[in-house]
Amino acid sequence: MDTRHLVLFCTLFLLDVSWARVVTVSPGPLIRVEGQPVSIRCDVNDYAGPREQDFEWLISRDPTGSRTKIISTFDASYSHPTLSKRVASGDISVVRLHDNIVELKIAEAKPQDAGFYWCTTPSTDSVISGNYEAQVKLIVIPNTLKVLPLTPVSVIAEGSDLTLSCNVTRELTQPTYLSVTWSLKKGAISEEILSFGPQGEVITGTKYARRYSDGSIRLVPGRNGVFELVISRMTTSDEGIYECNGTEWTHENGGKWIKIVEKTKEMGTVAVTPTGQSLSVKVSSPSSSSLSLTPGDKLTLLCSVSAENLPSLALEVSWLSGGRDIITLDRSGVVISNVSVNGMPGKRSEASLDRTGGAEYRLDVRGVSKEDAGAYTCRVRAFIEKGGRSAGGGGRWHMVAEKTSNPVMVKVSQIKPSYTLTLQPILNPTITAEPTELACHVTNITHLSVGSRLGVSWQHTTPPGTGGGPQSSHPIASLDGLGNLVPGPMYSDRLASGMMSLSRVQPNTFKLRFLRTQEIDMGQYVCTVSAWSVDSQGDIVKTAELQSQPLNVRWDAKRPSLNVMAKRVREVSVGGATFEMSCVVATENLVEPGYSVLIQSQENMGSPVRTIMTLSPDNVLQHGGATDPNRRDSLVLTKSGAVEFRFRLSGVQLSDRGYYWCDITAWTKQQPGQMWTKATSAESNKVRIDFQENGPSFSISIQSDDNTVYPWQTAKIKCSLSVSGSSPKTDNLAYEVRWFFTRLRGGETTTQVLSMDRFGRVRKEQRNSSSDISIERADTHTYILNIHGTQDTDSGEYYCTATPWYLSASTAAWTQAAQLTSSRVFLTVRFAVWESLQMPLLYGVSASLGVGLFSLVLGLICAHCCCRNTTHTPRSRNKLMDLEMD
């Protein structure tokens, strides 16, 4: 016990020693400017007592001088009379930042505020340890910061340089530092351009970092506080109000820079004249006759450009025909040709672009063709370089203006070839899925030059009401003059898979073939034949186009039909059995269909329908929302044949009674890999699950191997139960067993002595006997009452009651059966007289014999010890003689 007290004392002593109060303030000395706010922070750590600590602030002119009370966190009257007005007005205040941290605030510093500030904390510790106050020096200097900017030019041309000059000075009385910042203000938003100082570092704004790195913005430090910022190649985004900010800093202990005063002055508003206002683009032709050409001629056009400050601009000149770029001369002098036709790869006539003068650009197109006819325009884009050039000679360019000239029309005349078209069916379908073949014949061909070729395009128009929509026309595919196949968007998959084909069987005959015709293929078909010839540049160009008369393709479309028959495979008569149902599908007018199956049920006719399981055409199985997640392993839906599906439900419960049927939908695919298309659907007849629940029946009996026992012996009474009918499994059966006792034979007043619930928990009742009782479960249906160390008070009648609990296969829930009561058995505890007297008599005789033997031995010892030293005294003979004489 003493050792534990010693350990506890040592522990408490070490804990007390480990706590040492630490009060700290902001590192000093603190240099602040007159008229500016001052904040001094104070915190306390490693203290005992309440979590929230109080603080007191004092001031002294020197470290050892008298202190003047400033403010306290807990005493409103703490302030010295000379400072009470400033405290009351809020000029001096204390702000609690945390339970152990406060901050002394001075709204406007005054020269008399300079001195040593003391932060003290009243002690709440049980042992005085550590420091309870800390001091920091405050130096208040006059505000001598001056910011004198020079007003910049108010209007500047785009691409010119702007110089911003600002003079920032102060009188040096303490080690303070200066920084200067230029910013651009647009409306209410001001964004920093560049900052210099206080350590001589340069910090740029987010939007100006890249321009500073490439030299577009540069800093030119001067003398006597003069700083210049040069912004090269001004753009319209640089206009606005420019500001100059001067800031004075102090470098406190700990390496922290503190801003003590700043001033911002507006330098002036700068407007940038955009290049687009003076940029002009005009297109001309050497002669008016050069705008009407025949195939093979040369086209020449001139583009003239004018603008203010043109030498500072880099121009990109492009010629456009019909709004499409033909050729471009970029700002570095590289010519780029565009050889696409109508957005598709191809070749135009050869074009060239040259700069003939300071601001004149000439377009030459040799060997014009019909594709070269149209409206020609000249587009000019003006660029200004931002930033200095890198070692590789490249810079960052900014487009400042773009203008396009008025169009000039160029005409190219050509003699068109002539021909006629005939569209006729080769194979006409009679039902869906049969092949269809159409032929487009070209006859009476004239004016078709040597080397010319024919191309074809097919188009399909649906009948009104097809697919539930209006009549619409869709391109099927086309073959151009080079034989390139271009499929339409709706038929590209079928053409790629080979379900459709487009071919040229002869130079003047084209065929369209469907391997398996669908209903959506009904309607009108048109073939359009185009003539392609070779121009002077060797390119293939379209010279003529003719459309055939529409051809109707129709047949009698037989609607698919579907019939589903459901039948029982396994009947259910009791709960827990297995129900199985088969659904067989019969179809007409369907080719290689796929089936999706929904197993549905309802409790009664007219009740809500529940979806049990679903099977997709791709054999993906899913459980419906009405399925209990704990019973999903009992549900099986399989495809047992080409047109047969089987549903199996194991462990049928009462809640499963009702009607079950299959809802089957037939789906078709036009070709492998495509999506399924719904054809038709049907429901089967309904199969019913109906059965009645017949639970098990129980009986109880009681017996004892020996109804008569002697005191201190153990008595055993057995309570046995039996089950008949639909017997549940062992794990699905439990009993609540209670034992009762009465002293009188046939007595009606009984006392519960022991019980065991169905979870095996045993509860003993208070008894007036010194014997102990216990219950033993021999097996599922047998319980034994044990009375240990029986006494005469345990004599009497005993009987047991049992309440069966079983897991119903129909409801899947534990069900309580009726309580059972056994007959009674009488237990007799005998009292044996002779047996009870044997031990006392044996103890008495043994004690008597022991005491007698001890007394005899003690007498012998005493007699022997007391008589062995006695001497014999001889009788006086004289006295005898005297006696005889008498």
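Among the conditions (1) assigned to a strand (DSSP E or B); (2) among the β-branched types (V, I, T); (3) surrounded by fewer than 14 Cβ atoms within 10 Å (Cβ to Cβ), I71 misses just one, which is (3).
Looking only at the range 213-223, how many residues end up being open to solvent by 40 Å² or more (accessible area, probe 1.4 Å) and assigned to a strand (DSSP E or B)? If you could, list the steps in order and put the result at the bottom.
Our first condition is that a residue be open to solvent by 40 Å² or more (accessible area, probe 1.4 Å); within the range 213-223, this holds for 213, 218, 220-223.
Restricting the remaining residues to those that are assigned to a strand (DSSP E or B) gives 218, 220-221.
Here the count works out to 3.
Of all residues in the range 674-690, exactly one satisfies the criterion of being aliphatic (A, V, I, L, M), open to solvent by 30 Å² or more (accessible area, probe 1.4 Å) and more than 36 Å from the chain's Cα centre (by Cα), namely A679. Taken together, the residues in the range 584-604 that are assigned to a strand (DSSP E or B) and either in contact with a helix residue (DSSP H, G or I) (Cβ under 9 Å, 6 or more places away or on another chain) or under 13 Å from K686 (Cβ atoms) (or both) amount to 4. Pairs meeting the criteria (first residue in the range 362-375 and open to solvent by less than 70 Å² (accessible area, probe 1.4 Å), second residue assigned to a helix (DSSP H, G or I), beta carbons under 8 Å, at least 6 apart or on different chains) are V365/D372. Within the range 201-212, residues that are surrounded by 13 or more Cβ atoms within 10 Å (Cβ to Cβ) reach partners that are of a type in the set (F, W, Y) with beta carbons closer than 7 Å, at six or more positions or on different chains, in the pairs T204/Y212.
What about V486, is it in a strand (DSSP E or B) and under 18 Å from S452 (Cα atoms)?
Working: in a strand (DSSP E or B): yes; under 18 Å from S452 (Cα atoms): no.
For V486, the condition - in a strand (DSSP E or B) and under 18 Å from S452 (Cα atoms) - is not met.
Restricting attention to the range 544-595, the residues being open to solvent by 40 Å² or more (accessible area, probe 1.4 Å), of a type in the set (A, V, I, L, M) and farther than 30 Å from S413 by Cα number 6. Are any residues in the range 631-661 at pLDDT 85 or above and on the phi > 0 side of the Ramachandran plot, and if so, which ones? Result: G658, single match. With respect to the conditions (1) at pLDDT below 90; (2) within 14 Å of S473 (Cα to Cα), F514 falls short on a single one, namely (2). Contact map, the range 505-523: first residue under 14 Å from E437 (Cα atoms), second residue in a loop (DSSP other than H, G, I, E, B) and open to solvent by 80 Å² or more (accessible area, probe 1.4 Å), Cβ cut-off under 6 Å, separation 6 or more or different chains; pairs are M522/R554.
Among the conditions (1) modelled with pLDDT of 85 or more; (2) on the phi > 0 side of the Ramachandran plot, V270 misses just one, which is (2). Taken residue by residue, the range 232-252 has no member that is at pLDDT below 85, within 30 Å of V25 (Cβ to Cβ), in contact with a Pro (Cβ under 6 Å, 6 or more places away or on another chain) and among the polar types (S, T, N, Q). Within the range 768-821, the residues that satisfy the criterion of being charged (D, E, K, R) and not in a strand (DSSP E or B) are D792, D794. When the test is whether a residue is of a type in the set (A, V, I, L, M, F, W, C), out of contact with any strand residue (DSSP E or B) (no Cβ under 6 Å at 6 or more places or on another chain) and farther than 20 Å from T446 by Cβ, L515 passes it. Here S179 does not qualify as under 22 Å from E56 (Cβ atoms) and either over 54 Å from the mean Cα position of the chain (by Cα) or in contact (Cβ under 8 Å) with a residue 40 or more places away in the chain (or both).
When we screen S318, S352 for residues that are open to solvent by less than 20 Å² (accessible area, probe 1.4 Å), at pLDDT 85 or above and either among the hydroxyl-bearing types (S, T, Y) or in contact with a helix residue (DSSP H, G or I) (Cβ under 6 Å, 6 or more places away or on another chain) (or both), the only hit is S318. Number of residues in the range 151-197 that are in a loop (DSSP other than H, G, I, E, B), open to solvent by 70 Å² or more (accessible area, probe 1.4 Å) and among the charged types (D, E, K, R) equals 2.
If you take the residues of the range 135-176 that are among the small types (G, A, S) and at pLDDT below 90, which of them is nearest to G240 (Cα to Cα)? Within the range 135-176, the match that is nearest to G240 (Cα to Cα) is S154. Quick check: anything in the range 250-266 within 25 Å of L178 (Cβ to Cβ), touching a Gly at 6+ places or on another chain (Cβ under 9 Å), open to solvent by less than 30 Å² (accessible area, probe 1.4 Å) and not basic (K, R)? There is at least one residue in the range 250-266 that is within 25 Å of L178 (Cβ to Cβ), touching a Gly at 6+ places or on another chain (Cβ under 9 Å), open to solvent by less than 30 Å² (accessible area, probe 1.4 Å) and not basic (K, R).
Among the residues of this structure, R233 counts as one that is outside any helix (DSSP H, G or I), of a type in the set (K, R), open to solvent by 40 Å² or more (accessible area, probe 1.4 Å) and closer than 22 Å to W397 by Cα. Among strands (runs of 3 or more DSSP E) entirely within the range 705-756, having at least 2 residues that are touching a Lys or Arg at 6+ places or on another chain (Cβ under 8 Å) and polar (S, T, N, Q) singles out 751-756.
Yes/no per residue for (1) under 30 Å from Q653 (Cβ atoms); (2) surrounded by 15 or more Cβ atoms within 10 Å (Cβ to Cβ); (3) modelled with pLDDT of 90 or more:
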residue: G725; (1), (2), (3): yes, no, no
residue: A734; (1), (2), (3): yes, yes, no
residue: F759; (1), (2), (3): yes, no, no
residue: K764; (1), (2), (3): no, no, no
residue: S769; (1), (2), (3): no, yes, no
residue: D772; (1), (2), (3): no, no, no
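Could you please let me know if I664 is out of contact with any Lys or Arg (no Cβ under 8 Å at 6 or more places or on another chain) and either at pLDDT below 90 or farther than 19 Å from N786 by Cβ (or both)? If you could, list the steps in order and put the result at the bottom.
Numbers: out of contact with any Lys or Arg (no Cβ under 8 Å at 6 or more places or on another chain): yes; either at pLDDT below 90 or farther than 19 Å from N786 by Cβ (or both): yes.
So I664 fits the description; yes.
Summed over the range 511-529, residues that are open to solvent by 10 Å² or more (accessible area, probe 1.4 Å) and assigned to a strand (DSSP E or B) total 5. For the range 104-118, does any single residue satisfy the condition of being open to solvent by 50 Å² or more (accessible area, probe 1.4 Å) and among the hydroxyl-bearing types (S, T, Y)? There is no residue in the range 104-118 that is open to solvent by 50 Å² or more (accessible area, probe 1.4 Å) and among the hydroxyl-bearing types (S, T, Y).
Taking only the range 475-485 into account, find how many residues are in contact with a Leu (Cβ under 8 Å, 6 or more places away or on another chain) and surrounded by 15 or more Cβ atoms within 10 Å (Cβ to Cβ). Going through the range 475-485 one residue at a time, the tally reaches 5. Within the range 289-303, the set of residues being assigned to a strand (DSSP E or B) and surrounded by fewer than 18 Cβ atoms within 10 Å (Cβ to Cβ) comprises S292, T300, L302. If you go through the range 493-510 and pick out every residue that is part of a strand (DSSP E or B) and not hydroxyl-bearing (S, T, Y), you end up with 6.
The values are calculated or read from the model by the stated rules, or taken from the named source; none is laboratory data. All values reported here derive from a predicted model rather than from experimental measurement. Here Cβ is always computed from backbone atoms with ideal geometry, including for glycine, and neighbour counts include all displayed protein chains. We work out accessible area using only protein heavy atoms, side chains counted, and drop any ligands, DNA or RNA first. Shrake-Rupley method; radii C 1.70, N 1.55, O 1.52, S 1.80 Å.
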